[in-house]
Amino acid sequence: MARMNTAADEILECYRVLKKGDANIVGEILKGQGTFYEWDHYPEGDCYDSETHAQYYYHAHRAGEHGHFHTFLRKKGMRIGVEPVPYNGDTEWPTEEDEIICHLIAISMDSAGFPTALFTTNRWVTGENWYDKADVIDMLDRFIIDHSTPSWPANRWLTAMPIIFRPQIEQLIVARDAKIIEWQSQKPDVDVFEDRDLEITSLLEISVEDQIRAIKEVIGGRLD
């Protein structure tokens, strides 16, 4: 809980400095990127930390949101010995160390640049390697973007989000795997990981303000 409280303070600090400049998280990512096109990744080439091997990008293609962040951990950032789940389908999963990647959580954003939901996706959505829920949960602590490009407050905010919502994200990842198992049982002749009828595997609407307030109440602090 202490770690969640520290991350909550980090998010509040990011909001404070952005508000002073009349800016927001999404605006920081899109700044200087030219015309905003659906499906394109922002920033161009994604944001990648070469020390932690955490990665993210922002894009848009879903109704009901401005866009969303996808967060990842690459193979070099994972615990030694962690491997994807066995797969006997026809699709080729990434095999090179620099290409192997695991999707952690996606964050929906509204037009004002604030988060509205967390969700997980099927394998085909991001072209990831599929890891068991326990391994993905273990990877959450390793998602750290520790540099200033494209935006220091945005990177700090994205690093803190999986921490303050850790309990909910763990539940979403568990629900993700349960959905895959359920879907496969209903369509045994279909490669569940490549089924375009299954895109979102779990979703939860969120409020950062409510989450921080709950954390502060447990800690015994207060929300200024």
Subject >> Hits in segment 65-108 (condition: of a type in the set (Val, Ile, Thr), within 17 Å of residue 142 (Cα to Cα) and surrounded by fewer than 12 Cβ atoms within 10 Å (Cβ to Cβ)) >> reply: 80
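On the given criteria, is residue 47 in contact with a helix residue (DSSP H, G or I) (Cβ under 8 Å, 6 or more places away or on another chain), surrounded by 18 or more Cβ atoms within 10 Å (Cβ to Cβ), farther than 19 Å from residue 169 by Cα and not charged (D, E, K, R)?
yes
In segment 111-127, which residue that is aliphatic (A, V, I, L, M) and farther than 15 Å from residue 92 by Cα is surrounded by the fewest Cβ atoms within 10 Å (Cβ to Cβ)?
Restricting to residues being aliphatic (A, V, I, L, M) and farther than 15 Å from residue 92 by Cα, the top hit is 112.
Kindly indicate which of 191, 224, 210 is out of contact with any helix residue (DSSP H, G or I) (no Cβ under 7 Å at 6 or more places or on another chain) and at pLDDT below 95.
Only one candidate passes the filter, namely 224.
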**OP:** Among what's in segment 173-214 and is surrounded by fewer than 19 Cβ atoms within 10 Å (Cβ to Cβ) and touching a Gly at 6+ places or on another chain (Cβ under 9 Å), pick the residue that is farthest from residue 6 (Cα to Cα).
**Re:** 191
Subject >> Among the candidates 90, 98, residue that is over 16 Å from the mean Cα position of the chain (by Cα), assigned to a loop (DSSP other than H, G, I, E, B), acidic (Asp, Glu) and closer than 20 Å to residue 52 by Cα >> reply: 98
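The values are calculated or read from the model by the stated rules, or taken from the named source; none is laboratory data. All values derive from a computational prediction rather than experimental measurement. With ideal geometry, Cβ positions are generated from the backbone for all residues, glycine too; neighbour counts draw on all protein chains shown.
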